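The values are calculated or read from the model by the stated rules, or taken from the named source; none is laboratory data. Remember, predicted model here, so these are calculated numbers, not experimental data. Don't worry about glycine lacking a Cβ; one is built from the backbone with ideal geometry, like all the others, and counts go over all protein chains shown.
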């Protein structure tokens, strides 16, 4: 992680493009927490890259003064994997919504997790498709009646935390857009974690599925007694009805790009003085 | 010196010679040998090869890696190109240099997974939504697998677009004896050496901010700057202004879409590549590409040995269509015979160009190669 001596102020991390999310959208809180985390960590805009897919979350990179790649629906993780692998000096984020992460892009999540790519994946979960005007998502509750599900939904919602724990993600956390201070801390921990960091952020959609009151009711702080190195305990908490906010799990196995360096050495590409100097000059 | 080798090996060597540093692929017959050889060879030179979870991820990783500074290649077969489709569009719109190898096999769906075919000729050209041009090169020999892979990397840098290397199962799998001096190196441009010249661009918008998508004139290519070069920039797959911010402003969108086509189509002369073996007085022109061109060349030798006059044209740059070279070859002949392992996909292009000249096809879709004898039957 490349850092600066003095932090860049939050306002300078903002680009000159203003978000056009609906007033009251949870994503404003997520954006502000992320900007604050970038500033607190003294990161350098020349060394931060953000990849996104499609959805209300997709335009996220346009609002941050850092490298951005707004790709196609559900494919932020492959982009982020390519970016981090090609230039491990970059601090890489992937951002998306519940449709992007768990539906169309659901096939990439287990593999980014098991590869342990050093990417912080912030998923803004509003339990609905907002951009396309209110269709049920993989995290929508059973019985949700909307225009696209006029007789109510029957498909059981996914449990993203339990899912990602079972995928072997090395950092698993949940935040809430209405708790920006806690969310900032979670994002900071996710960035500092060397490996794949998954952060599910409950981020309500005021227009199509206003869950502010519901999220407030079912969320609770992570029990202080919880040991984040205990995967079984993390799974237990993930399966409860209460949606705990905080770090469920963290382990410190080496990330993908470190394995790639080992592999190159095994293949006979030994790090010579010239190569070291070349790297330094870059 | 000579060696006994195959097309897949030559493609990997060409990629390494071109400075490829990143490869991602997903196992598929008959493209898997490229993935396996890359997995073995790229780490030796400090590069990274990844076996992705699927084709969508493979091409997505390549696009991300390119934008963070790598030279990238991926390889698949027809069914994999289907899955690449959306991200090919992203590379077109995002102006991402990328080399895609399509080792063709027979038929739709699983088709003949271990059987030769040339049925992706139109598919790779029109393989993504919106219908914008890409560049497609087709080697017809093992040494050409090497040199055209290098050329694909160069054209990808020059035009900031996906460049396809269209081969087939026989070209990639069949071992051949090759004279080592037949391998020809092709110079590959440095990153950023777009139409505005090499080095770090100073492209700025009216506010003095960096504009990664500024092109001038309309057929110019924005100089490529990637993540990590100390200028904050963005890439996007949406219609965008020069700073990569989404726009629906009709004049900006119109200019962008015309630019994506013009930067390739206005520069056909830089891309056009054929081998013309024209004989004065010949009434028949044989035309082919890829593995089928090998049988054509053998037939030409036999025919001429028997006193017949015949001309032959091997197309190496299938898209954009090398119209100038085709028109030159058509001059003075009465008929052109287009041979390909499909039901006449490239023949459509020739019919479009061959005013008044009879256009015939030799076509096979039974999994066998077109033989030299099939060519000899049509020469008169």
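Taken together, the residues in the range B:218-238 that are more than 25 Å from the chain's Cα centre (by Cα) and either more than 13 Å from chain A (Cβ to nearest Cβ) or at pLDDT 85 or above (or both) amount to 4.
Residues in the range A:39-63 that are free of Cβ contacts under 8 Å to residues at least 40 places away in the same chain and under 14 Å from the mean Cα position of the chain (by Cα): A:60, A:61. Residues in the range A:2-45 that are farther than 18 Å from residue A:123 by Cβ, within 14 Å of chain B (Cβ to nearest Cβ) and assigned to a loop (DSSP other than H, G, I, E, B): A:2, A:4, A:8, A:15, A:16, A:17, A:18, A:20, A:44.
Could you tell me whether the range A:64-87 includes any residue that is more than 10 Å from chain B (Cβ to nearest Cβ), crowded, with 24+ Cβ neighbours inside 10 Å and in contact (Cβ under 8 Å) with a residue 40 or more places away in the chain? No. For the range A:96-110, the criterion of being at pLDDT 95 or above, touching a strand residue (DSSP E or B) at 6+ places or on another chain (Cβ under 8 Å), facing another protein chain (nearest Cβ under 7 Å) and assigned to a loop (DSSP other than H, G, I, E, B) is met by none of the residues. Once the range B:104-131 is narrowed to residues that are farther than 11 Å from residue B:164 by Cβ, touching a residue at least 60 places away in the same chain (Cβ under 8 Å) and surrounded by 19 or more Cβ atoms within 10 Å (Cβ to Cβ), the residue that is nearest to the other protein chains (Cβ to nearest Cβ) is B:105.
Does the range B:262-279 include one or more residues that are within 14 Å of chain A (Cβ to nearest Cβ), part of a loop (DSSP other than H, G, I, E, B) and either under 30 Å from residue B:311 (Cβ atoms) or touching a helix residue (DSSP H, G or I) at 6+ places or on another chain (Cβ under 7 Å) (or both)? No - not one qualifying residue is present in the range B:262-279. Among the criteria (1) touching a helix residue (DSSP H, G or I) at 6+ places or on another chain (Cβ under 8 Å); (2) at pLDDT 95 or above; (3) closer than 26 Å to residue A:73 by Cα, the one residue B:126 does not fulfil is (1).
Every test in (1) surrounded by 16 or more Cβ atoms within 10 Å (Cβ to Cβ); (2) away from chain A (no Cβ under 14 Å); (3) free of Cβ contacts under 8 Å to residues at least 60 places away in the same chain is passed by residue B:251 save one, and that test is (1). Considering (1) more than 14 Å from chain A (Cβ to nearest Cβ); (2) part of a helix (DSSP H, G or I); (3) over 13 Å from residue B:153 (Cα atoms), the lone condition that residue B:28 does not fulfil carries the number (2). If the condition is being at the interface with chain A (Cβ under 8 Å from one of its Cβ atoms), more than 22 Å from residue A:89 (Cα to Cα) and buried (at least 24 other Cβ atoms within 10 Å of the Cβ), then the range B:60-91 contributes B:87, B:90. Among the strands (runs of 3 or more DSSP E) confined to the range A:180-261, the ones with at least 1 residues that are within 14 Å of the chain's Cα centre (by Cα) and crowded, with 19+ Cβ neighbours inside 10 Å are located at A:197-202, A:243-250. What about residue B:14, is it part of a helix (DSSP H, G or I), within 14 Å of another protein chain (Cβ to nearest Cβ) and either on the phi < 0 side of the Ramachandran plot or touching a strand residue (DSSP E or B) at 6+ places or on another chain (Cβ under 6 Å) (or both)? No, not satisfied. Screening the candidates A:202, A:124, A:163 for the property of being over 25 Å from residue A:59 (Cα atoms) and touching a residue at least 24 places away in the same chain (Cβ under 8 Å) yields one hit, A:163.
Only residues that are under 19 Å from residue B:121 (Cα atoms) and either assigned to a helix (DSSP H, G or I) or at pLDDT below 95 (or both) were counted in the range B:134-150, giving 4. Residue A:174 passes every criterion in (1) under 28 Å from residue A:233 (Cβ atoms); (2) within 14 Å of another protein chain (Cβ to nearest Cβ); (3) surrounded by 19 or more Cβ atoms within 10 Å (Cβ to Cβ) apart from (2). Each residue in the range B:31-59 was checked for being more than 8 Å from chain A (Cβ to nearest Cβ) and free of Cβ contacts under 8 Å to residues at least 24 places away in the same chain, and 3 pass. Filtering the range B:36-73 to residues that are within 17 Å of residue B:13 (Cβ to Cβ) and under 18 Å from the mean Cα position of the chain (by Cα) leaves B:71, B:72, B:73.
Regarding residue A:92, is this residue under 15 Å from the mean Cα position of the chain (by Cα) and either in a loop (DSSP other than H, G, I, E, B) or facing chain B (nearest Cβ under 9 Å) (or both)?
Values: under 15 Å from the mean Cα position of the chain (by Cα): yes; either in a loop (DSSP other than H, G, I, E, B) or facing chain B (nearest Cβ under 9 Å) (or both): yes.
Yes, satisfied.
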